[in-house]
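Coordinate-derived values only; no laboratory data. Since the model is a prediction, treat every value here as computed from it, not as a measurement. Glycine also receives a Cβ, built like all others from the backbone with ideal geometry; neighbour counts cover every protein chain displayed.
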Amino acid sequence: MKRKLALIGGGGHAVSLMEMMPGDVDVAGYVDVRQRDSMVVPYLGNDDEFACRYPEMPVHIAFVMGENGSMALRKKVIDSYRNHDMPVLVAQSALVTSHSALGRGCAVMHRAVINSATLGECNVVNTGAIVEHGVTTGSNVFIGPGAVVCGGVTIGCNVMIGAGAVIRNNVTIADDSVIGMGSVVTKDIQNSGVYAGNPCKKL
């Protein structure tokens, strides 16, 4: 029997999720502030309409981020759906080792690799990203396409790691940080903020 869920958000990440959806999942539709031409599943209304019509339907947070890569708005969306079940979604082409642990609502996209790591709830490991052994993440972390998180890294909550970024082994990244695409993090990031460059520096 297929698992039924709704996608919260109808933007580009929702489209990508539709493309990688496991075969045992039936997407009932999506929730957004407006209808989207790019979505091929039914529109289930805005947040309030969905809450009234489908109070017990499992959901997956397909909304990614706000302005400047901030994950604060996504956190608010996650918190508003905390009473719903949030299944983990793993693409068939992804590799998640048996010693890894994924929190509720995580999404692991095509060709991503997770090696003996522990991820908090509602993380996204995007296309081709690598998360190595001993990595620990908090909730609401987005790891962009092709990013590499080396062994023993600790990532806080509400963190965005841009496409192609590289995080050196045993580094710690503070809550509410944004790491720009292509950046190389070689030492601990102790304070929240936006960081970019090689080596990575606060902007």
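Values as computed for the structure displayed
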quantity	calculated
Residue-count net charge about Ser177 - beta-carbon cut-off 12 Å; Lys, Arg +1, Asp, Glu -1	-2
Relative contact order computed over the chain (Cα-Cα under 8 Å; 6+ residues apart), in percent	11
Counting DSSP beta bridges with both ends in the chain, the antiparallel % (nearest 5)	5
Given charges at Cβ of Lys, Arg, Asp, Glu: the chain dipole, positive-most of Thr154, Met21, Val185	Val185
Percent breakdown of C-alpha pair distances by 10 Å bin, ordered from the shortest bin, for the stretch 1-92	17, 53, 29, 2, 0
Cα pair distances exceeding 23 angstrom across the stretch 89-192, given as percent	11
Anisotropy class of the stretch 150-203 from Cα gyration tensor, a/c 1.5 cut	rounded
Those residues of the stretch 145-167 whose amide nitrogen sits under 18 Å from the label point placed on Thr136, 7 Å along Cα→Cβ	149-159
Student exercise, the chain dipole from Lys, Arg, Asp, Glu Cβ charges, in Debye to nearest 20	360
Between the stretch 127-203 and the stretch 68-95, the Cα center-to-center distance that results, in Å	18
Pair Lys201, Asp26: separation of 7 Å Cα→Cβ label points (nm)	5.6
Volume in Å³ per residue [convex hull over Cα atoms, computed for the chain]	104
Ranked list, fewest to most other Cβ atoms within 10 Å of each Cβ, for Met18, Met1, Met39	Met1, Met18, Met39
Size of charge dipole - the stretch 45-163 - debye, nearest 20, with Cβ of Lys, Arg +1 and Asp, Glu -1, no other charges	220
